[in-house]
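Report on the structure given below.
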Amino acid sequence: MEKLAIDGGKPVRTKEYTFGGIVEVGDLEKEYVMQALDGDTLFRFHAKNSFAARLEAYYQDRLGVPYTLAVNSGTSALICAVAAAGAGPGDEVIVPAYTYIATAAAVVSVGAVPVIVECDDTLNMDPQAFEAAITPYTKAVIAVHMRGVMAQMNEIVEIARKHNVIVIEDVAQANGGTYFGKQLGSLGDFGCFSLQSFKIITAGEGGLVATHDKQWISRARFKHDAGYQFWDDEHNKVPAFAGENFRMSEINGALAFAQVQKFDELLTKLRTNKKRIVDGLKGVEGIQLQRVVDPEGDCSICLNFFVETPELAQKFSDALSAEGIPNGTLFNGGFADRHIYRHWDSILEKRAASPVTPWNCKDYKGNVQYSKDMCPKTLDYLGRAISIYLNQNMQEEDSNDVVNAIRKVAAHYLKK
Ligand SMILES: *Cc1c(COP(=O)(O)O)cnc(C)c1O
């Protein structure tokens with residue numbers, strides 16, 4: 001057997017692995033931003049041929065959903081959705097243990113209580129854990145599609161319908177992903193997108209809410225703009241309530257509208273590359289790929305696989321890095337990853353901006369308890385998971401390096 005690089009052998013890849021972020025900003029973004037700057041106003045509701053409005057129309061078309069609303073972040077999108085759904089003091093909203101903290105924070109910000117449930121080998125919400133967590137106070141569930149991979153939407157929607165729970169999809173990390181031919185974000189009652197810089201496409205900051213329901217979009221619009229009621233009569237059929245300002249500016253609209261033009265080409269490249277790698281790993285014993293219920297719909301921004309124990313995962317990860325393939329385990333007790341519930345101190349300690357909180361307010365009759373170890377299954381999967389970022393510019397030789405490096409380390413460390 002060839003000596004591992006970590007033991008002084010020759011690395012599989014000597015060329016630098018330069019595949020970091022997948023975001024590309026080019027001439028079209030510059031052209032549209034200049035157009036926005038040359039317009040009469042950067043206020044989207046007065047701009048002629050508004051970029052923000054064109055972005056909304058694009059998503060209506062893409063998702064096949066009648067109503068969309070551009071906002072200034074993914075967090076704002078989630079806040080608009082939970083508010084539009086009517087969640088507030090006294091209500092619970094179920095969220096997965098593995099997601100960016102904003103998913104849970106959005107719930108707290110409308111005065112509702114986040115209920116944290118386990119994930120499974122999809123690294124997304126375990127539908128059974130969701131069902132088991134439903135109480136008379138459950139208003140909504142937020143199904144998150146982490147790292148480009150879809151949650152089990154059929155199961156989640158079916159359980160939710162049975163219990164009269166509203167389904168919000170957090171598509172921040174899986175913009176463009178599909179689920180058996182349907183667009184993520186169109187499967188539940190609300191789809192919430194982020195256009196922040198780390199995401200698949202970006203406007204620097206930005207977000208979008210999608211829904212099938214006319215009343216709900218009116219409510220989302222009220223939440224996203226304190227003044228909305230004063231200049232849109234159409235929406236005044238639904239009683240207004242005090243909102244905030246989560247509006248998108250024309251600059252961000254221009255950036256996002258340029259990015260969506262390249263969307264499908266980007267996804268095709270990412271998917272082709274990941275498929276090559278997954279095919280190349282067939283038959284490698286001892287590694288278990290993350291379960292992707294519909295591989296065709298995976299955004300394919302990373303490759304995640306599990307080994308038997310967290311200790312082995314760390315050893316594997318170090319050896320793989322030495323072979324020239326940057327990677328990391330998803331949870332190792334070290335770095336306080338904001339995507340793991342265990343590090344959401346403000347939530348675990350039930351703190352909010354004022355002394356009256358969603359948990360201690362008189363309207364809340366439930367009894368949610370949190371602890372750092374409350375979701376051991378999720379921590380186990382994350383601890384045993386090794387993750388490699390993929391990129392649209394990877395060529396066949398790059399994918400081969402990934403495959404060969406994994407195969408080489410597996411041959412040394414994993415039992416036959
Ligand atoms: C990034 C992210 C958000 C929040 O989006 P912002 O645009 O940063 O506010 C919400 N949920 C998940 C899963 C995310 O990754």
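The values are calculated or read from the model by the stated rules, or taken from the named source; none is laboratory data. Fair warning: this is a prediction, and the values are worked out from it, not measured in the lab. Using ideal geometry, Cβ is built from the backbone for each residue, glycine included, and neighbour counts are taken over all protein chains shown.
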Discussion item. Can you go through Ile94, Ile168, Ile101 and tell me which one is surrounded by 24 or more Cβ atoms within 10 Å (Cβ to Cβ), hydrophobic (A, V, I, L, M, F, W, C), within 16 Å of the ligand (Cβ to nearest atom) and under 23 Å from Lys377 (Cα atoms)?
Written reply: Ile94
Worksheet item: Looking at (1) in contact (Cβ under 8 Å) with a residue 60 or more places away in the chain; (2) surrounded by 15 or more Cβ atoms within 10 Å (Cβ to Cβ), can you tell me which one Arg338 breaks?
Response: (2)
Item to complete: Report yes if Val33 is of a type in the set (Val, Ile, Thr) and modelled with pLDDT of 95 or more, otherwise no.
Response: yes
Fill in: Filter result (buried (at least 24 other Cβ atoms within 10 Å of the Cβ) and within 16 Å of the ligand (Cβ to nearest atom)) within the range 202-224
Ala203, Gly206, Gly207, Leu208, Val209, Ala210, Ala220, Lys223, His224
Worksheet entry | Output for the range 127-154, where each listed residue is in a loop (DSSP other than H, G, I, E, B) and surrounded by 24 or more Cβ atoms within 10 Å (Cβ to Cβ) | His145, Val149, Met150, Ala151
Discussion item. Restricting to the range 102-128, name every residue that is closer than 17 Å to Cys375 by Cα and free of Cβ contacts under 8 Å to residues at least 60 places away in the same chain.
Written reply: Asn124, Met125, Pro127, Gln128
Discussion item. Could you tell me how many of the residues in the range 185-200 are among the hydrophobic types (A, V, I, L, M, F, W, C), part of a loop (DSSP other than H, G, I, E, B) and more than 12 Å from the ligand (Cβ to nearest atom)?
Written reply: 1
Response to the item:
By residue number, the members of the range 49-106 that are in a strand (DSSP E or B), of a type in the set (Phe, Trp, Tyr) and closer than 23 Å to Asp126 by Cα are Tyr98
Practice prompt. Using the structure shown, decide if Ala133 is away from the ligand (no atom under 16 Å from the Cβ) and in contact (Cβ under 8 Å) with a residue 12 or more places away in the chain.
Written response: yes
Worksheet entry | Boolean, Phe331 is crowded, with 21+ Cβ neighbours inside 10 Å and assigned to a loop (DSSP other than H, G, I, E, B) | yes
Practice prompt. Answer yes or no: is there a residue in the range 170-189 that is more than 17 Å from Ala102 (Cα to Cα), free of Cβ contacts under 8 Å to residues at least 60 places away in the same chain and β-branched (Val, Ile, Thr).
Written response: no
